[in-house]
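Read through the structure below, which is laid out as structure tokens, and then see the notes.
The values are calculated or read from the model by the stated rules, or taken from the named source; none is laboratory data. Because the structure is predicted, anything quoted here is derived from the model rather than measured. Glycine also receives a Cβ, built like all others from the backbone with ideal geometry; neighbour counts cover every protein chain displayed. The accessibility values were calculated without ligands, DNA or RNA, using every heavy atom of the protein model including side chains. Shrake-Rupley method; radii C 1.70, N 1.55, O 1.52, S 1.80 Å.
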Amino acid sequence: MLQGHCQCGQLRYETDAAPTQETACHCSICRRSSGAPFVAWFTVPLASFRFTQGTPSHFRSSTHGTRSFCSNCGTPITFRSARHPQEIDISTCSLDDPEQVPPKDHTYTGARLSWVQVADGLPTHARSRDDP
């Protein structure tokens, strides 16, 4: 069981699924939405994810993407894409123990900020893993 929460504790969530697609995303939308140079995410089946406390706020960050966050403290929690309606991405650092789900690669490094150096030896992808 993976559990997490926002900074202020108003939102809590859990999932009983094994994480997949663990990544550090460098896309401009993740950067702008989080205020960080990149965001670590992992994916689980939507059916395995649930908020156990509080109700998140949502906004559309792109034509296909919707993000949830805490309306009190602003912590980003999830990303959902209409392209993958049975999945949900969870922000790794909102986990109670982010060390449980380290990234396995870097995505959208074509949009990486020039002052961010990726030197951890993980695979990099200029766009998504699925793009050639």
Tell me which of these Arg67 doesn't satisfy, since it passes every other one: (1) open to solvent by 30 Å² or more (accessible area, probe 1.4 Å); (2) outside any loop (DSSP other than H, G, I, E, B); (3) of a type in the set (Lys, Arg).
(1)
List every residue pair whose Cβ atoms sit under 7 Å apart, with the two residues 6 or more apart in sequence or on different chains, where the first one lies in the stretch 86-102 and is free of Cβ contacts under 8 Å to residues at least 40 places away in the same chain and open to solvent by less than 70 Å² (accessible area, probe 1.4 Å) and the second, anywhere, is among the aliphatic types (A, V, I, L, M) and not in a loop (DSSP other than H, G, I, E, B).
none
I'm trying to understand the selection: among the residues of the stretch 38-64, which are part of a strand (DSSP E or B), of a type in the set (A, V, I, L, M, F, W, C) and loosely packed, with under 13 Cβ neighbours inside 10 Å?
Phe59
Can you pull out every residue in the stretch 2-37 that is part of a loop (DSSP other than H, G, I, E, B), open to solvent by 30 Å² or more (accessible area, probe 1.4 Å) and at positive phi?
Gly35
Where residues in the stretch 103-132 are open to solvent by less than 50 Å² (accessible area, probe 1.4 Å), in contact with a strand residue (DSSP E or B) (Cβ under 6 Å, 6 or more places away or on another chain) and outside any loop (DSSP other than H, G, I, E, B), which of them is farthest from Cys27 (Cα to Cα)?
His106
